[in-house]
Amino acid sequence: MPTITTALASPEVWDDIQHALSGGGDGRSCQCVWPVLTNKEWETTDLDQRTAMFQHEVVSARPPGIVAYIDGEAAGWVRVGPRLSQRRLARTRNIVATTRESLDDDSVWAISCFVVRKEHRGQGLNAALLQASIEYARTAGARVIEGYPIDTAKTDVRVNDLFHGALSTFLAAGFTKIDGPKPDRPLVSLEVA
């Protein structure tokens, strides 16, 4: 069995985060800033600008996520933090229609993006990243954590679209499913305070 460890984002693990993001999918080009930008802002940024924005977040007082390691090699990433700082979420119709939480409540945190390098998929990294996210949110004062996964039992999913996470992973971690207008895109919620 491989050994999985995690670390909060920080300048000291910047190169590890970049390694985790560059192993397949859209992580490298996105730089995990898609959730914090509006569509218009996203369309007017390039890779260098996104990288600079992300690096600015990583050096801030509140880490924007967690990097995971398999046997010491950076292998995955998750974005977790206050929902308010992930501005795209409050502009997403499915989330607005489904959430039971006020959109301006800063005690609501969101898990919005997972990235796992191709060679490390299927080894439980998303579950480990999710558990680390729950602990981080709890210790940082979150009241509730939301996720926006895909119900892989209801739809065929391209691997690149699994950055939202799979519903089964969230349910196994104790999240409650809340059905919304899209049957394959429920919202999940977990009270942590």
Open item on the list: Step by step: first the residues of the stretch 150-187, then only those that are in contact (Cβ under 8 Å) with a residue 60 or more places away in the chain and surrounded by fewer than 18 Cβ atoms within 10 Å (Cβ to Cβ), then the one that is nearest to E101 (Cα to Cα). Which residue is that?
Closed with: I178
Open item on the list: Can you tell me which residue is farthest from I111 (Cα to Cα) among those in the stretch 59-86 that are over 15 Å from the mean Cα position of the chain (by Cα), assigned to a strand (DSSP E or B) and aliphatic (A, V, I, L, M)?
Closed with: I70
TODO: Answer yes if at least one residue in the stretch 23-36 is closer than 26 Å to A128 by Cβ, surrounded by 15 or more Cβ atoms within 10 Å (Cβ to Cβ) and β-branched (V, I, T), and no otherwise.
DONE: yes
Open item on the list: If I filter the stretch 91-103 for residues that are farther than 20 Å from P186 by Cα, at pLDDT 95 or above, in contact with a helix residue (DSSP H, G or I) (Cβ under 7 Å, 6 or more places away or on another chain) and surrounded by 13 or more Cβ atoms within 10 Å (Cβ to Cβ), do I get at least one hit?
Closed with: no
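The values are calculated or read from the model by the stated rules, or taken from the named source; none is laboratory data. Note that the coordinates shown come from a computational prediction; the quantities given were computed from them, not determined experimentally. Every residue, glycine as well, gets a Cβ built from its backbone with ideal geometry; the counts of neighbours run over all protein chains shown.
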